[in-house]
Structure formats: C-alpha cells, structure tokens
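**Q** Handing you this structure, nothing more for now.
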Amino acid sequence: MAVGIFDSGLGGLTVLEAAQKRLPDVDFIYLADSAHAPYGVRTADDIYELTCAAVLRLFDAGCDLVILACNTASAAALRRMQEGSIPEGKRVLGVFVPLIEALTERDWGDNSPPREVDVKHVALFATPATVSSRAFQRELAFRAIGVDVEAQACGGVVDAIEDGDFVLAEAMVQRHVDALHCKMPFPQAAILGCTHYPLMHDTFQKALGPKVKIFSQARLVAESLADYLQRHPDKMGTDTKGKFLTTGDPVEVSQRATQFLKRPLTFQSA
Ligand code: DGL
C-alpha cells in the first residue's frame, strides 16, 4: 500500500510528514529529484520532462497515485501531464487545489460561479517558475472574484534550504517580504506556495507580522489526500512498502533530511 510523494528536493517532506500523521496506516514512497533541484529556476519544458521522469519512476516502484508535493511541478507540468501522459489506472494530483479550497472556503466540487470571498489582499510567495506560470491566479479565478494577489518570486530560498544554510534562508525570506511590502503594504493573508517554505514559517510570520494569516500546504494536502483515498481506496497500490528515493547522493540527502525532520531518514538511489 504505497502512495508516491514527489518533490524536486526535500521540501515535499513537509507534506509527507503531515500525510504520515493523518494516514498512519498508509505507506509512502518519497522521491526527491535532488540531482536536478531546484526546479524553480528552470524552464517549463524542463520542469515538465523532469516531473514526467520522476512520476514514471514512482509508478514503476508500485504507486498508482502520485502527489506532486511541489508547487513548481504542479504549476508547470501537472495540467500538461493530465492532458496526455498519465497511463490508464494511474493518477497524479497537485498541491494547489487544497490551498485554494482553504483560501476561498469552498470545496473543489462546488462549481457555482466565482464569488467574493473574505480575503481581499493576498501575498503569494513561490519560486520564480511558479510565479511566472500564473497557475495559482488562474485556478483562483475559477473560484473567487475581487482577490488582489501580489506574487513575490523568492529566488534563492530553496537553494539555501537544500544546502542547510538557514541563516541565509532567513535573510532571503526577510528580503523577499520587504520586496512584497513595497508592492502590497498590508496583505491580509500569505500563501507559502512552495513546499520548502513551511520550514521557514516562523521567519515569514515574523517578517509579515502577527495579523497576517499564513496558509501553508502540508496539513491541507494531507487532509485532502485522506478524503481522496477514502473515495478511491484502490489508489493505495498493492503490497508496496514505503521508502525514500533520491536521484542525488543518498548519504548527503539522508543527512539533510534527518536534519529537516529531526528524525532519522535513510534515502536510497532512485
Ligand atoms: N518545493 C518545491 C515547490 O513547492 C520546489 C522548489 C524548487 O525546486 O525550486 O515549488
């Protein structure tokens, strides 16, 4: 019983951890494409090719359902994959939908026309590729009107986190929040639109101030996965044990991952 969780690197571990807490009986196969991270500075075509290869690897490992625990892959590749390259019986889901459901307080199945929602000024922090895709704004427009979204491309933050340099990551978060404030002085809510950023949650909150409500994906995605698996129990895969795979150096990646989640994790070569 294994569900695939994919990220370019270690950020998706934030989603994995929440999913494991919510679904303790489900096994997960986590794949980090560490050899090619970060994705956020790559072209959409590049991200699409890398994401397809990673998802195929997870299908080969026995997963019938793969969660793209990566906004950059969800933004640049998911729609294109869903339009043609997913084999019969397999399913790939992204991480935007649960976030937009939470922000707009609507269920995705609610197909009524877009309407006004409580939050009017939203700051979106994401990788350069996610920001330039405008995927978040596009999906939001199907659900809500009158929401002003100011996006801040947070170049460098993922690299610093992947390198374990949290002092640099903090400085960069502060700089990106300052840049956001120049464009939108009083956001009501902030979206951490990259699965690496929950690791910097407190830094974002401090820089944004206590009044700004921060939405981050881990718990929302875990909840939505639980709901999905209840409706599609066949997608849990069969007789497949959980494991951690990386396209990078397994020793180095295991060390970093252990540092992030504060529990021992052992990666093997993908
Ligand atoms: N954690 C990823 C995301 O949610 C990937 C970041 C990257 O590789 O640049 O966007």
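**Q** Which of Cys182, Cys52, Cys63, Cys70 comes first, and how do the rest follow, when ranked by fewest Cβ neighbours within 10 Å?
**A** Details: Cys182 9, Cys52 17, Cys63 27, Cys70 34.
Ascending number of Cβ neighbours within 10 Å: Cys182, Cys52, Cys63, Cys70.
**Q** Using only the Cα atoms of the stretch 1-106, what are the Rg and Dmax in Å?
**A** Spelled out, the Cα radius of gyration and Dmax of the stretch 1-106 are 13.2, 38 Å.
**Q** Sticking with this structure for a sec: What list of ³J(HN,Hα) values in whole Hz, one per residue of the stretch 85-90 in order, does the Karplus curve 6.51 cos²θ - 1.76 cosθ + 1.60 (θ = phi - 60°) give from phi, with Gly and Pro shown as x?
**A** 10, 9, x, 3, x, 9
**Q** Still on this model: Give me the extension gain from Arg79 to Arg175: residue separation times 0.36 nm, minus the current Cα-Cα distance, reported in nm with one decimal.
**A** Fully extending the segment from Arg79 to Arg175 adds 31.4 nm.
**Q** Would you please name the trypsin sites (Lys or Arg not before Pro) within the stretch 104-169 that are DSSP coil residues with at most 16 other C-beta atoms within 10 Å of their C-beta? Let's see the in-between values first.
**A** Details: sites: Arg106, Arg115, Lys120, Arg134, Arg138, Arg143; in loops: Arg106, Lys120, Arg134, Arg143.
Within the stretch 104-169, the qualifying trypsin sites (Lys or Arg not before Pro) (loop, at most 16 other Cβ atoms within 10 Å) are Lys120, Arg134.
**Q** Filter the chymotrypsin sites (Phe, Trp or Tyr not before Pro) in the stretch 121-190 to those in DSSP coil with at most 16 other Cβ atoms within 10 Å of their Cβ, and list the result.
**A** On the way: sites: Phe125, Phe136, Phe142, Phe166; in loops: Phe142.
For chymotrypsin sites (Phe, Trp or Tyr not before Pro) across the stretch 121-190 that sit outside H, G, I, E and B with at most 16 neighbouring Cβ atoms in 10 Å, the list reads Phe142.
**Q** I need Ser132, Ser8, Ser74, Ser34 ordered by Cβ neighbour count within 10 Å, fewest first.
**A** Details: Ser132 16, Ser8 33, Ser74 30, Ser34 23.
Exposure proxy ranking, most exposed first: Ser132, Ser34, Ser74, Ser8.
**Q** On to the next question. Where in the chain is the longest stretch that carries no GluC sites (Glu not before Pro) classed as loop by DSSP and with at most 14 other Cβ atoms within 10 Å?
**A** Details: sites that count: Glu83, Glu88, Glu105.
Free of exposed loop sites, the longest segment is 106-270.
**Q** I would also like to ask the following. Can you list the lysines whose alpha carbon sits under 24 Å from that of Lys262, skipping same-chain ones fewer than 8 residues off?
**A** Answer for Lys262, where 24 Å is the Cα cut-off: Lys21, Lys206, Lys241, Lys243, listed by chain and number.
**Q** If you filter the stretch 147-244 for trypsin sites (Lys or Arg not before Pro), then keep DSSP loop positions with at most 15 other Cβ within 10 Å, what is left? If you can, show how the numbers build up before the last one.
**A** Numbers: sites: Arg175, Lys183, Lys206, Lys211, Lys213, Arg219, Arg231, Lys235, Lys241, Lys243; in loops: Lys211, Lys241.
Those that pass, being in a loop and sparsely packed, are Lys211, Lys241.
**Q** At a temperature of 20 °C and a viscosity of 1.002 mPa s, determine how fast the stretch 83-128 diffuses translationally according to Stokes-Einstein, using the Kirkwood radius over alpha-carbon pairs as Rh; express D in µm²/s, rounded to the nearest whole number.
**A** The calculation lands on 158 µm²/s.
**Q** What are the lysines whose alpha-carbon lies under 24 Å from the alpha-carbon of Lys211, with same-chain residues fewer than 8 places away excluded?
**A** The reachable lysines, counting only those whose Cα sits under 24 Å from Lys211, are Lys120, Lys183.
**Q** Still on this structure: Give the order of Asp46, Asp110 when sorted by the count of other beta carbons within 10 angstrom, beginning with the fewest.
**A** Working: Asp46 15, Asp110 11.
Ascending number of Cβ neighbours within 10 Å: Asp110, Asp46.
**Q** What translational diffusion coefficient, to the nearest whole µm²/s, does the stretch 106-246 have by Stokes-Einstein, given a Kirkwood radius computed over alpha-carbon pairs, a temperature of 37 °C and 0.692 mPa s viscosity? If you can, show how the numbers build up before the last one.
**A** Working: Rh = 16.9 Å.
D = 194 µm²/s.
**Q** Antiparallel versus total DSSP beta bridges in the chain: what percent is that, nearest 5?
**A** The antiparallel fraction comes to roughly 0 percent.
**Q** Ala144's amide H: which non-local residues (gap 5+, or another chain) put their own amide H closer than 5 Å, with H modeled 1.01 Å from N in plane and none for Pro or chain starts?
**A** Result for Ala144 returns Arg115.
**Q** Still on this structure, please answer the following. Would you work out the Kirkwood radius for the stretch 177-233? I mean one over the mean of 1/r across all pairs of different Cα atoms, in Å.
**A** Details: mean 1/r = 0.0778 Å⁻¹.
Hydrodynamic radius (Kirkwood, Cα only) of the stretch 177-233 equals 12.8 Å.
**Q** Moving to a separate point now. Would you kindly state how much longer the chain becomes between Asp45 and Lys120 on full extension, computed as 0.36 nm times their sequence separation minus their alpha carbon distance, in nm to one decimal? Write out the running numbers ahead of the final one.
**A** On the way: separation 75, 0.36 × 75 = 27.00 nm, distance 3.29 nm.
The Asp45-Lys120 span can extend by a further 23.7 nm.
**Q** Might you report the magnitude of the Cβ-based charge dipole of the stretch 180-243 about its Cα centre, with Lys and Arg at +1 and Asp and Glu at -1, to the nearest 20 debye?
**A** Numbers: 9 positive and 5 negative charges, 45 e Å.
It works out to roughly 220 debye.
**Q** Specify which residue in the list Ala141, Asn71, Pro113 is farthest towards the positive end of the charge dipole of the chain, using unit charges on the beta carbon of Lys, Arg (+1) and Asp, Glu (-1), about the Cα centre.
**A** Pro113
**Q** Assigning unit charges at the beta carbon (Lys, Arg +1; Asp, Glu -1) and nothing else, what dipole magnitude in debye, to the nearest 20, does the chain show about its Cα centre?
**A** Working: 27 positive and 34 negative charges, 94 e Å.
Roughly 460 debye, rounded to the nearest 20.
**Q** Taking N as the number of residues in the chain, what value does Rg over Cα atoms divided by 2.2 N^0.38 Å take? Write down the numbers at each step before the final one.
**A** Details: Rg = 17.6 Å, N = 270, 2.2 N^0.38 = 18.5 Å.
Against the empirical 2.2 N^0.38 Å value, I get 0.95 for the chain.
Readers should treat all values here as calculations from the given coordinates under stated rules, not as data from a laboratory. This structure is a prediction, so every number in the text was calculated from the model and none was measured. Methodologically, a virtual Cβ is constructed for each residue, glycine included, from the backbone with ideal geometry; neighbour enumeration extends over all protein chains shown.
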